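Only one structure is covered here, and it is reproduced in the block below.
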Amino acid sequence: KFGFNSGLRAEVIFVNTKEFMIKWGTKNAINIPTQRMPGGIPIRSFGAFQVKISDYFILIDKIAGIKQQFSVEDVKERTLALLDQLLLKWISREGKDIFNLQANSFDISKGIKEDLDMEMIKIGLTVTNFTISSFNYPEKIQEMIEKNASYEMVGDVSRYQNIGMMDAMEKNPQGSMGNMATSGMGMFMGMEMAKKMSDNINHGDSQRSNQSNNQSNNQGNDESGNNTVNNNSKFKCSNCGNELEENAKFCSNCGTKVQVKSDSPKTKVKFCSNCGNKLESEAKFCNKCGESV
């Protein structure tokens, strides 16, 4: 209208109000203090967050006079300058186990989102979501964590070692591990054989002792329950265990009748039931008292 010589100036600014996702990662390792390691544990982390413009008037007022353009990269640069401090703050506060921060990543992310949103709102932006994908430990500490986790899963470390020895012998049977196992197996087999021989000897002695005791117990008793004994041998009463004289007919302690067993199976010895007199095998009456036998 004025031939481009007007003193008035008009500008058109385009603002994109959709939600953007920005990936982030720590530039340098963050030293997290812990009681076990006074110098702290260097930890790295990465993840993503979503941001959108909540008040474009504030954004234009704060940014338009400084920059011709304000892009996602500018937001990322502004955010990364704060993340290291926020991570250190919320890991120290919510990291219950410094060696398993992933278990508390939700609480850590929630705290960082609140603090980061308070900073972004100053330029008309809002953080709608903040996530932590992973925490990275130094290589040596990561190996220790993995080894400790494997031992916890196995439970019985000695059994795990035995399995490892068996695997080593299968892969290299002629190696030192295989030779040691062969020697140990030979010693074990020898010990087992010696143990079995000792058990057999003790078992045989026990059987012979039991047989001797049974013969001794059966020697003094016949089927009728009376005292019996072979000729020319000492014996005890089967009822009370009292020692009897060689020619005793009755037990002097309990009165149980004594019957003598002849060495010859054809000889049959009879005694009078009234007086105990020794009778001939064919006698029908006692020749001492006249009692019928």
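Tabulated results
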| quantity | calculated |
| --- | --- |
| Potential extension, residue 60-residue 110 segment - 0.36 nm per residue separation minus Cα distance | 15.1 nm |
| P(r) histogram, all alpha-carbon pairs of the stretch 1-50 included - 5 Å bins from 0, percent | 5, 13, 11, 10, 8, 8, 7, 7, 7, 7, 6, 5, 4, 2, 2, 0 |
| Per residue convex hull volume, Cα atoms of the stretch 1-124, in Å³ | 122 |
| FRET efficiency, 1/(1 + (r/R0)^6) with R0 45 Å, evaluated for residue 136 and residue 68 via beta carbons | 0.75 |
| Under 5 Å, built H, 5+ apart or other chain: amide partners of residue 270 | 279 |
| Solvent exposure ordering (accessible area, 1.4 Å, most first) of 128, 79, 17 | 17, 128, 79 |
| Peptides ranked, highest mean first, by Cβ atoms within 10 Å: ranges 43-55, 243-255 | 43-55, 243-255 |
| 282, 94, 119, 73, ranked by accessible area, largest first (probe 1.4 Å) | 282, 73, 119, 94 |
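The values are calculated or read from the model by the stated rules, or taken from the named source; none is laboratory data. These figures come from a predicted structure and were not determined experimentally. Cβ coordinates were reconstructed from backbone atoms using ideal geometry, including for glycine residues, and neighbour counts include every protein chain displayed. Surface areas here come from the heavy atoms of the whole protein model, side chains and all, with no ligands, DNA or RNA. Shrake-Rupley method; radii C 1.70, N 1.55, O 1.52, S 1.80 Å.
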